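Okay, structure first, notes after.
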Amino acid sequence: MWKRFLIAFIVLLVIFGSIFGFKAYMASKLKQAQMMHGTPKVYVSVAYSKLENYQPYLESIGNVVSIDSVNATTQVSGQIEKIYFDSGESVKKGQILAKLDDSTQKAQLEQYKAQLILDEFNYTQYKQLYEKNASSKASYIQSLSALKQTQALIAQTQSIIDKMTIKAPFSGILGMRYVSVGQYVNPGQPIVSLYTIDPIYVDFTLPQNDLGKIGVGQKIEIHTDSDPNKTIIGKIKTISININNISRNATIRAIVNNKDNLLKPGMFVKVNIILPKIPNVVVVPALAITYNPYGDFVYVVTKKGNEYIANTVYVKTGQTQNNKVVILKGLKSGQMVVTQGQLKLRNGSSVIIESIDKDY
């Protein structure tokens, strides 16, 4: 048996040795061919790094908040007799929104007014008699008390009637209607939501390390997912004095003019807090930056004799704006960087410049 195993082992050794030998032979031939003909040149597109004024900003995610918001409701119970609004309608302060059936209260008011006539007459008679010492003081005080009670009942009933007419507490935009005509409502039950949306607040947070870079009145830019190309301008109104003890972030509130109603309460938005401009920083096209686990780098093209050579240069990048990347460290103005064709390059590759992007 051991002879059979030995023969099989020798046969397999010869087979695999032949395969590996053939591959080594082909690799050697390929290397010789490359040495004879040289490494193929790579066609690339390039651009020159240049100096620009840099507009830095801080980024955050904000939440749109109405300055005033309330669920309009009733202070008394009753059946809704009429509704005077539509959902989404603009209303002014004091505008009537709905009215409860007040027929019972109005009837009581007329009854108290009739009683008031009698109480006023009695009070006048007892007052005159009391002044002439023809009536007791107790009778005079009793008539005065009856008069005051009736007057109080009239005022109370009138107040209830007034509260059965529901008015807008401030000017704004109405939300969804929650009730219908004929529905019985109780105090505190929502009838319709009301919001002020112009101007409107945008609340966002920043790390405590960035608080020294901002101040009240500072300009912000707001972008929404519904219209990313539209820039809405606002300014910082309040910086919270409290820092969250978990996230170490502070809440900042900005105020924004919202005449076009682009911002809605509850909407999430992107916020850029504009910082002072920094003049003369180096920028390159965003396409020039290559990313790997060791850091960001670009291929810088230099001319050696009649050839162009691409070499790897690691850089420290800043923010990206308008498809341009700010280079904080690693490049100078006027250097040629590769913007297309990087995947075929390695350090020291010979390149052929196919195009130069001068207007990025």
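The values are calculated or read from the model by the stated rules, or taken from the named source; none is laboratory data. Keep in mind that this is a model prediction, so the values were computed, not measured. All Cβ positions, even for glycine, are placed from backbone atoms using ideal geometry, and neighbour counts span all protein chains on display. The protein model used for the area step is the full one, side chains on, heavy atoms only, and it has no ligands, DNA or RNA in it. Shrake-Rupley method; radii C 1.70, N 1.55, O 1.52, S 1.80 Å.
Determine the distance separating the Cα centre of region 146-169 from the Cα centre of region 181-256; give it in Å without decimals.
Measuring centre to centre over Cα atoms gives 40 Å.
Counting helices only, and only those DSSP H runs with n ≥ 4, report the 222 nm mean residue ellipticity of the chain as the sum of -39,500 (n - 2.57) divided by its residues, in deg cm²/dmol to the nearest 500. Write down the numbers at each step before the final one.
Details: 3 runs with 92 residues, N = 360.
After summing the helix terms and dividing by the residues of the chain, the value is -9000 deg cm²/dmol.
List the pairs from K167/K235; K82/K230; K277/K303; K270/K324 whose alpha-carbon separation is above 30 Å, in the order I gave them.
Exceeds cut-off: K167/K235; K82/K230; K277/K303.
Pop out the carbon and sulfur fraction of the accessible area of the chain as a percent, whole number, probe 1.4 Å.
Details: 12400 of 22860 Å².
Roughly 54 percent, rounded to a whole number.
Mind computing the radius of gyration and Dmax over the alpha-carbon atoms of region 75-185? Å is fine for both.
Rg, Dmax (Cα atoms, Å): 21.2, 68.
What net charge do the residues around A254 carry, taking every other residue with its C-beta under 9 Å from that of A254, with Lys and Arg at +1 and Asp and Glu at -1?
Taking every other residue near A254 into account, the sum is +2.
Taking the Cβ-Cβ separation of K127 and I96 as r and a Förster radius of 35 Å, what is the calculated FRET efficiency to the nearest 0.05?
Given R0 = 35 Å and the Cβ-Cβ separation, E is 0.25.
If you average 1/r across every pair of different Cα atoms in the chain and take the reciprocal, what Kirkwood value do you get, in Å?
It works out to 29.7 Å.
Accessible area per residue of region 75-185 at 1.4 Å probe, in Å²?
63
Using R₀ = 22 Å, calculate the FRET efficiency as 1/(1 + (r/R₀)^6) where r is the Cβ-Cβ separation of K259 and D210; round to 0.05.
0.15
How large is the accessible surface per residue of region 198-305, computed with a 1.4 Å probe and reported in Å² as a whole number?
In whole numbers, region 198-305 has 58 Å² accessible per residue.
Hey, what does the equivalent ellipsoid look like for region 184-266, semi-axes from the Cα gyration tensor as sqrt of 5 times each eigenvalue, largest first, whole Å?
28, 20, 11
Set the Förster distance to 25 Å, then compute FRET efficiency between I67 and I243 from the Cβ-Cβ distance, nearest 0.05.
So, using R0 = 25 Å, E works out to roughly 0.55.
Can you list the chymotrypsin sites (Phe, Trp or Tyr not before Pro) in region 52-141 that are in a DSSP coil and have 16 or fewer other beta carbons within 10 angstrom?
Y84
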